[in-house]
Amino acid sequence: MNQPKNKILEAHHLTMRFGGVTALDSLDMHVNEGEVLGLLGPNGSGKTTFFNVITGLYRATSGNVTFRGKDLTDASAQDVYKEAITRTFQRSRLSLPLTVFDNIAIGDNRRLNTSLLFNLFQRNQFKKEYDRIVEQVNQLLLTFNPKLAGKIFEPVASLPMIDRRRIEICRALISEPNLLLLDEPSAGMTHDETVEVMDDILQVRSKIKPFTIILIEHEMGLIQRMTERCIVLNYGKKIAEGTYDEIVNNSEVQVAYLGQE
Ligand code: ADP
Ligand code: MG
């Protein structure tokens, strides 16, 4: 028998306008705890804007967002981060000269003590804190992709695209998210590489905790493989919702995609 599902994230009438452009148009949606939800739609349909609004980068023009029942509509990016909602970006945001460790540890700013006094005067404490973080990043890498753990102190610039994407994802995972937002993780990679990275994510998820995922992705093979349910946007409006099979056979979805090609 199906258990009733808990909604972890809900948006009601969520609207985001940029001047004359309505990027999100009275969007109603929810994500169930523990599910992998696909967010689809042609270019410019509002997918990234949705992530930007729920992570506090943009303030919604109207409507509201709740996470575990808490209102996050006007929350700052830092408030959202405190709820353990983390994301990756469509365009890479790694610092190439820095090491794998540095790039991942940056993701843990909820717990990192970065005050000058702490760093200058509590050297022993600082060393302990540093060692703890190294251990934490190392453990994550060992779970995520043991080969990458061997390269923890190498500069990101020396690594191939697939490892760079893994590092971006580990940066989002290091703070142990409740909700992980992935914005087109396949960008710049082959289909096989993307499948490898997605399998790494599912593996971490099964070993650490069953965090919820919203996946924005164009590659339909990936959507089919990863998601339990999908929402399709067009011009900021939800035009379809259902399983992969349901949405690919939906005539409004087909027209929206054909209109783009
Ligand atoms: P998607 O991720 O689905 O490709 P976006 O969310 O990036 O689409 O964009 C949706 C619409 O909002 C587009 O028309 C885009 O040009 C517009 N848009 C997104 N961000 C901004 C912004 N910061 N300023 C102005 N317009 C924006
Ligand atoms: Mg986008």
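The values are calculated or read from the model by the stated rules, or taken from the named source; none is laboratory data. In this text, all values refer to a predicted model and were calculated from it rather than measured experimentally. FYI the Cβ positions are ideal-geometry reconstructions off the backbone, even for glycines, and counts take in every protein chain you see. Heavy atoms of the whole protein, side chains included, go into the accessibility calculation; ligands, DNA and RNA do not. Shrake-Rupley method; radii C 1.70, N 1.55, O 1.52, S 1.80 Å.
Which of the strands (runs of 3 or more DSSP E) found entirely inside region 1-80 contain at least 3 residues meeting this: touching a residue at least 40 places away in the same chain (Cβ under 8 Å) and away from ligand 1 (no atom under 15 Å from the Cβ)? Can you show your working first?
Numbers: elements: 7-18, 21-32, 36-40, 62-67.
In region 1-80, 7-18, 21-32, 62-67 are the strands (runs of 3 or more DSSP E) which contain 3 or more residues that are touching a residue at least 40 places away in the same chain (Cβ under 8 Å) and away from ligand 1 (no atom under 15 Å from the Cβ).
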Self-check item: Subset of region 15-36 that is surrounded by 22 or more Cβ atoms within 10 Å (Cβ to Cβ) and more than 16 Å from ligand 2 (Cβ to nearest atom) - its residue that is nearest to the chain's Cα centre (by Cα)
Solution: VAL36
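Yes or no: ALA11 modelled with pLDDT under 95, touching a Gly at 6+ places or on another chain (Cβ under 8 Å) and either open to solvent by less than 50 Å² (accessible area, probe 1.4 Å) or away from ligand 2 (no atom under 14 Å from the Cβ) (or both)?
Details: modelled with pLDDT under 95: no; touching a Gly at 6+ places or on another chain (Cβ under 8 Å): yes; either open to solvent by less than 50 Å² (accessible area, probe 1.4 Å) or away from ligand 2 (no atom under 14 Å from the Cβ) (or both): yes.
No; evaluated as a whole, the condition is false for this residue.
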Quiz item: From LEU148, LEU180, which residue is closer than 23 Å to GLU10 by Cα, open to solvent by less than 30 Å² (accessible area, probe 1.4 Å), away from ligand 2 (no atom under 16 Å from the Cβ) and not in a loop (DSSP other than H, G, I, E, B)?
Solution: LEU180
Quiz item: Using beta carbons and a limit of 7 Å, which pairs, at least six apart or on different chains, have the first residue in region 211-222 and open to solvent by 10 Å² or more (accessible area, probe 1.4 Å) and the second one within 14 Å of ligand 1 (Cβ to nearest atom) and not small (Gly, Ala, Ser)?
Solution: HIS218/GLU184
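Considering each of SER186, SER175, SER206 in turn, give the residue that is in a loop (DSSP other than H, G, I, E, B) and free of Cβ contacts under 8 Å to residues at least 40 places away in the same chain.
Working: SER175 fails: free of Cβ contacts under 8 Å to residues at least 40 places away in the same chain; SER206 fails: in a loop (DSSP other than H, G, I, E, B).
Result of the check over SER186, SER175, SER206: SER186.
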Quiz prompt | Boolean, LYS207 is open to solvent by 60 Å² or more (accessible area, probe 1.4 Å) and at pLDDT 95 or above | solution = no
Quiz item: Looking at GLU193, GLU168, which is the one that is at pLDDT 95 or above and either more than 30 Å from PRO146 (Cβ to Cβ) or in a helix (DSSP H, G or I) (or both)?
Solution: GLU168
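Of everything in region 39-89, what is within 16 Å of ligand 2 (Cβ to nearest atom), open to solvent by 50 Å² or more (accessible area, probe 1.4 Å) and more than 13 Å from the chain's Cα centre (by Cα)? Give them in sequence order. Lay out the reasoning, then the answer.
Let us first name the residues in region 39-89 that are within 16 Å of ligand 2 (Cβ to nearest atom), namely 39-55, 57-58, 87-89.
Next, from what is left, pick out any that are open to solvent by 50 Å² or more (accessible area, probe 1.4 Å): 43-44, 57-58, 89.
If the condition is that a residue be within 16 Å of ligand 2 (Cβ to nearest atom), open to solvent by 50 Å² or more (accessible area, probe 1.4 Å) and more than 13 Å from the chain's Cα centre (by Cα), then ASN43, GLY44, LEU57, TYR58 are the ones that fit.
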